[in-house]
Amino acid sequence: MPELNITQEDGVLYIEINRPQVLNAISPDLLDGLIDLCNSIKMNDNIRVVVLRGAKDNFSSGADLPSFQKKLKEDPQRVADLGRVAAEELSLLPQITIAAIQGHCIGGAVVLASACDIRIASENSRFVIPELDAGIPLTWGGLDHLVSLVGFSVATDLVTTCREFDAREAYETGFTSRIITAENFMKELISLANTIATKPKTALRITKQQLIAIRTGAYNSKKDAALMLESLASPDGKETHNKYVRKLS
């Protein structure tokens with residue numbers, strides 16, 4: 001059984017963490033697979049949106065510690081850094097990325113979700129960052145992502161207390177953008193992904209470039225004019241813009 005199930009519908013690629021027997025715990029092999037997948041879809045113009053979700057209504061229970069303990073003995077530096085590399089590759093994808101969170105979202109799973117552009121959560125979602133209770137700091141670049149999303153104080157609270165928080169708190173702190181009822185979750189996820197995927201190709205690509213620049217501290221608003229002109233000069237941008245203007249006339 002593959003640890004990652006991949007399906008594509010129109011311009012949306014769905015990546016499903018497929019280890020339901022361990023609540024979709026993240027193994028080193030799974031991270032290697034995710035890194036390879038991200039590298040393979042970077043140049044795929046037919047993919048506009050990438051959705052990361054978990055099988056059987058659970059996002060992920062975090063790192064599979066027994067499998068990590070085994071692999072760390074073989075190649076400690078590379079294995080310890082796998083999560084950071086996977087999160088970075090995910091965050092730098094040229095497509096818009098969505099973390100679709102249901103059920104458990106624990107530790108390393110919070111980091112992978114943080115690396116996505118949008119996070120939505122089912123009302124039954126439960127989050128916890130238990131690393132300190134396991135005797136390790138939050139790594140994989142997760143603390144940087146978390147502080148940028150929820151602020152220094154809230155991030156410090158969540159990381160140092162290792163307390164559980166629910167979908168409502170995740171939304172109120174800005175970690176997620178939507179809370180969705182369990183029965184409507186897949187319907188709303190598909191609607192969100194399809195809505196984004198139908199936006200004009202060039203403008204969407206440029207928007208993701210801007211988001212990456214903001215994440216990495218490289219954003220320069222002086223480039224915005226050139227980006228706007230690039231979008232308007234593209235066939236899809238010109239057509240969409242003209243339709244929008246005619247609608248306003």
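Readers should treat all values here as calculations from the given coordinates under stated rules, not as data from a laboratory. Not measured: the values here are computed from a predicted model. With ideal geometry, Cβ positions are generated from the backbone for all residues, glycine too; neighbour counts draw on all protein chains shown.
Need one word for segment 123-249: rounded, prolate or oblate. Basis is the Cα gyration tensor (sqrt eigenvalues a ≥ b ≥ c); a/c below 1.5 gives rounded, then a/b vs b/c decides.
It comes out oblate by the Cα gyration axes.
What spacing in nm lies between the two simple spin-label points modelled at Asp10 and Ser153, each 7 Å away from Cα in the Cβ direction?
4.3
Between rounded, prolate and oblate, where does segment 193-242 land on the alpha carbon gyration tensor, with a ≥ b ≥ c its root eigenvalues, rounded for a/c under 1.5, else prolate if a/b exceeds b/c?
Note, shape of segment 193-242 comes out oblate.
Using the Karplus equation 6.51 cos²θ - 1.76 cosθ + 1.60 (θ = phi - 60°), what ³J(HN,Hα) coupling, rounded to whole Hz, does each residue of segment 155-169 give in order, writing x for Gly and Pro?
4, 5, 4, 5, 6, 8, 8, 6, 7, 7, 9, 9, 4, 5, 5
Explain nothing, just the number: dipole magnitude of the chain about its Cα centre with +1 on each Lys and Arg Cβ and -1 on each Asp and Glu Cβ, in debye rounded to the nearest 20.
900
Less than 25 Å apart at the alpha-carbon level, and either on another chain or at least 8 residues along: which lysines does that give for Lys208?
Candidates past the 8-residue exclusion: Lys42, Lys187, Lys199, Lys222, Lys223, Lys238, Lys243.
Quick check: from the Cα gyration tensor, does the chain come out rounded (a/c under 1.5), prolate or oblate?
It is prolate, given that a/c is not under 1.5 and a/b is the larger ratio.
Can you tell me the relative contact order of segment 50-171? Whole percent, Cα pairs under 8 Å, sequence separation 6 or more.
Relative contact order comes out at 26 percent.
Taking 0.36 nm per intervening residue step and subtracting the Cα-Cα distance, what contour gain separates Leu248 from Leu92 on full extension?
Gain on extension, Leu248 to Leu92, equals 52.6 nm.
Rounded to whole Hz and in sequence order, give me ³J(HN,Hα) for segment 49-62 from the Karplus expression 6.51 cos²θ - 1.76 cosθ + 1.60, θ = phi - 60°, writing x for Gly and Pro.
Once θ is set to phi - 60°, the couplings for segment 49-62 become 9, 10, 10, 10, 9, x, 6, 6, 6, 10, 5, 5, 8, x Hz.
Please give the net charge around Pro200, taking every other residue with its beta carbon less than 11 angstrom from that of Pro200, where Lys and Arg add +1 and Asp and Glu add -1.
+4
Could you tell me the relative contact order of the chain? Use alpha-carbon pairs under 8 Å, at least six residues apart, and round to a whole percent.
Dividing the mean separation by the residue count of the chain yields 16 percent.
I'd like to know which of Ser177, Leu232, Ala134 lies farthest towards the positive end of the charge dipole of the chain, counting +1 on Cβ of Lys and Arg and -1 on Cβ of Asp and Glu.
It is Leu232, whose Cα lies furthest towards the positive end.
Tell me the net charge near Glu3. Cut-off is 11 Å between Cβ atoms, Glu3 excluded, with +1 for each Lys or Arg and -1 for each Asp or Glu.
Result for the local shell: -3.
Just to verify a number: FRET efficiency for Arg168 and Ile136, C-beta to C-beta distance, R0 = 22 Å, to 0.05?
0.20
Using a simple charge model, +1 on the beta-carbon of Lys and Arg, -1 on the beta-carbon of Asp and Glu, nothing else, what dipole does segment 1-141 show about its Cα centre, in debye to the nearest 20?
Once rounded to the nearest 20, the dipole reads 200 debye.
Where in segment 182-220 does the label zone of Glu239 land, with the point 7 angstrom along Cα→C-beta and an amide N cut-off under 17 Å?
Answer for segment 182-220: 197-205.
Once amide H atoms are placed 1.01 Å from N in the peptide plane, what residues at a sequence separation of 5 or more from Arg119, or on another chain, have their amide H within under 5 Å of its amide H?
The list, which skips near neighbours in sequence, is Ala99, Ser177.
Calculate the spin-label point distance for Asn220 paired with Met43, positioning each point 7 Å from the Cα along the beta-carbon direction, and give it in nanometres.
In this crude spin-label approximation the distance works out to 2.6 nm.
Can you work out the Karplus-derived ³J(HN,Hα) for every residue in segment 101-107? Use 6.51 cos²θ - 1.76 cosθ + 1.60 with θ = phi - 60°, whole Hz, and x for glycine or proline.
9, 10, x, 6, 9, 10, x
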